[in-house]
Amino acid sequence: IMRTLVIGDIHGAYLALLQVMERAQVTPDDLLIFLGDYTDRGKQTPQVLDYLIALQQTHQVICLRGNHDALCCDFLLGKPMSQLWRSHGGKATEETFKNYSKEDKQPHIDFLQSLKNYILDGENRLFLHAGFTDQGGVEQEFFVENFYWDRTLWELALATPEGLDPTDRYFPKRLSLYKEIYIGHTPTLRFGTDQPMMRHNVWNLDTGAGFNGRITMMDIHTKTFWQSDPIPSLYSTR
């Protein structure tokens, strides 16, 4: 493997995904770890899913499950969806799949059902969409939905003083279990930046592609990162 590249939330921003793949000069020798939320909010959810499905045939790819992916899968399966989902980006997904038959949707359903909840590598680095709540770590997590819904892990990382020693008795146990944790889910735009953020050993790579931010891809060894242009600039209504 040449590089291990981790990619934050995409949210249907197909053009931005192509851009960041090109800017990072991704090759089949690289391992790609996608942190989830491929769907909803953006205008091109089906194209993003088709691209990732095809990419799995040619590249080393691990795709993790985001909360929007779980919801989008429910929608494609024909389950009744809430207005809350629609107002949080589901409406765009409904629109784009309007003319898709059941057969057309099946590859997307298969892909969304195949997503992993987390990956723990040989160097004790954890990759997941959102977080976990159990002090014993991901293996002890009782509610698997936390892997793609939890925000408390990132809040905990932000709330823990930067200078606090990991050996200190008050240092949160959850932050001391893994060498590094890579997440998406909570846009860094909320904290005034469209760059990746790191607190303690937690890296947040959701740089707001679901809003007016960018898609980010990072080399986990060098911490070099590449970004798309801001999403609205790629989807102007010209």
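The values are calculated or read from the model by the stated rules, or taken from the named source; none is laboratory data. Bear in mind that the values here come from a model prediction, so they are computed numbers and not experimental data. Heads up, the Cβs are rebuilt from the backbone with ideal geometry, glycines too, and the neighbour counts pull from every protein chain shown. For the accessible areas, the whole protein counts, side chains as well, though only heavy atoms, and no ligand, DNA or RNA atoms are used. Shrake-Rupley method; radii C 1.70, N 1.55, O 1.52, S 1.80 Å.
Numbers at a glance
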{"item": "Residue within the range 158-176 that is of a type in the set (Phe, Trp, Tyr) and in a helix (DSSP H, G or I) present", "result": "no"}
{"item": "Residue check for residue 194: crowded, with 19+ Cβ neighbours inside 10 Å, among the charged types (D, E, K, R) and under 17 Å from residue 6 (Cα atoms)", "result": "no"}
{"item": "In the range 115-142, the residues that are touching a helix residue (DSSP H, G or I) at 6+ places or on another chain (Cβ under 9 Å), surrounded by fewer than 18 Cβ atoms within 10 Å (Cβ to Cβ) and polar (S, T, N, Q)", "result": "133, 135"}
{"item": "The range 207-234: number of residues that are within 13 Å of residue 13 (Cα to Cα) and buried (at least 16 other Cβ atoms within 10 Å of the Cβ)", "result": "14"}
{"item": "Meets criteria (at pLDDT 95 or above, surrounded by fewer than 22 Cβ atoms within 10 Å (Cβ to Cβ), of a type outside the set (A, V, I, L, M, F, W, C) and touching a Leu at 6+ places or on another chain (Cβ under 9 Å)) for residue 19", "result": "yes"}
{"item": "Tally, over the range 149-204, of residues that are in contact with a helix residue (DSSP H, G or I) (Cβ under 9 Å, 6 or more places away or on another chain) and more than 22 Å from residue 10 (Cβ to Cβ)", "result": "15"}
{"item": "Out of 74, 69, sole residue that is under 20 Å from residue 148 (Cβ atoms) and open to solvent by 10 Å² or more (accessible area, probe 1.4 Å)", "result": "74"}
{"item": "Matching residues in the range 177-191 - criterion: being at negative phi, open to solvent by less than 40 Å² (accessible area, probe 1.4 Å) and part of a loop (DSSP other than H, G, I, E, B)", "result": "178, 184, 186, 187"}
